[in-house]
Amino acid sequence: SPNGQYFVDTYSRIDTTPVSVLRRTSDGRVMRTLEEADLTKLFETGWTWPERFVVKARDGVTDLYGAIFRPTNFDPSRKYPIIDDYYPGAQRHHVPKAFGPTLGGPQASAELGFIVVTLDGMGTAHRSKRFHDVSYRNFGDATLPDHITGLRQLAERYPHLDLDRVGIQGTSAGGYGSVRAMLAHPDFFKVAVSASGNAAMQSVIAIWAEKWQGYPIGDYYDESDNRKLAGNLKGKLLIAWGELDDTVPPYQTRQLIDALVSANKDFDLLV
């Protein structure tokens, strides 16, 4: 408002309808509800809300938060393959918090006949210092132990999740981490789609890698190098790369491709 005494607040969760209200600046009090989104046509398609969940981290104590996306024709009597929709970067969280476009990607994958799970593991942002420090000089961890233990807990809760068919997809740091999942945990993750992923932290733009992994470059960089684990690949891997992620130039993905070819491993490639 011109006098700064009021502001418009639009709020939601992934499982609530967006509402816009007029609030008073001095104390946040709601003066008037302006509008509530009409989702009638969306529900007419058979769409249902994503489900928020809480599981325990690898330590058995820390709460982790995530969301489950199911197809519109979901049948609880069936067993569904799982896709871990994934990003392990230390600078942000990945699980959607509000209703909006960020729900579209996981839901699109779910419509193909999957249960899609998003989860923020230990080492991601917006939690405690102790929680965040898990990823420091430890990016090879890539929050994956939390994803594995979290998915196992969900499978106990929901029999329609098939732990024998777990895939993972991610872009940028998620592209790195989805490959890491296949190489470091090959008996759990059976399929990965990796887009614009780097091969190792020492080949990532310095303002990102050095910010979260420290300087000078030491052994902890080598420990996160996917090229050294290329021989561990057992499942199906699709690598997609191009020039849209300016922090991961194509040469970084080509380093990984070279390591996999040298290890005589088959994979699919989309340029």
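The values are calculated or read from the model by the stated rules, or taken from the named source; none is laboratory data. As the structure is a computational prediction, the values presented were derived from the model and not from experiment. Cβ placement follows ideal geometry from the backbone for every residue including glycine, while neighbour counts extend to all protein chains displayed. Remember, those area values only see protein heavy atoms, side chains included, never the ligands or the DNA or RNA. Shrake-Rupley method; radii C 1.70, N 1.55, O 1.52, S 1.80 Å.
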### Query
Has the range 207-220 got any residue that is exposed (fewer than 12 other Cβ atoms within 10 Å of the Cβ), not in a loop (DSSP other than H, G, I, E, B) and not charged (D, E, K, R)?
yes
### Selection from the range 72-89 of residues that are more than 8 Å from the chain's Cα centre (by Cα), modelled with pLDDT of 95 or more and surrounded by 20 or more Cβ atoms within 10 Å (Cβ to Cβ)
Tyr80, Ile82, Ile83
### Query
Give me the pairs: first residue in the range 1-22 and over 25 Å from Thr48 (Cα atoms), second residue among the aromatic types (Phe, Trp, Tyr) and part of a strand (DSSP E or B), beta-carbon distance under 7 Å, and six or more apart or on different chains, which are they?
Leu22/Tyr6
### Task
Considering each of Arg92, Arg137 in turn, give the residue that is open to solvent by 60 Å² or more (accessible area, probe 1.4 Å), in contact with a helix residue (DSSP H, G or I) (Cβ under 9 Å, 6 or more places away or on another chain) and assigned to a loop (DSSP other than H, G, I, E, B).
Arg137
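Residue by residue, here is whether (1) under 25 Å from Leu151 (Cβ atoms); (2) in contact (Cβ under 8 Å) with a residue 12 or more places away in the chain holds:
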{"residue": "Val191", "(1), (2)": "yes, yes"}
{"residue": "Ala200", "(1), (2)": "no, yes"}
{"residue": "Ile207", "(1), (2)": "no, no"}
{"residue": "Glu210", "(1), (2)": "no, no"}
{"residue": "Tyr215", "(1), (2)": "no, no"}
{"residue": "Asp219", "(1), (2)": "no, no"}
{"residue": "Lys236", "(1), (2)": "yes, yes"}
{"residue": "Gln252", "(1), (2)": "no, yes"}
{"residue": "Val261", "(1), (2)": "no, no"}
### Query
Where residues in the range 100-118 are at pLDDT 95 or above and part of a loop (DSSP other than H, G, I, E, B), which of them is least open to solvent (accessible area, probe 1.4 Å)?
Gly113
### Query
Is it the case that the range 248-255 has a residue that's among the aromatic types (Phe, Trp, Tyr) and within 17 Å of Ala173 (Cα to Cα)?
yes
### Task
Residues being assigned to a loop (DSSP other than H, G, I, E, B), modelled with pLDDT of 95 or more and not acidic (Asp, Glu): count how many of those fall in the range 40-71.
9
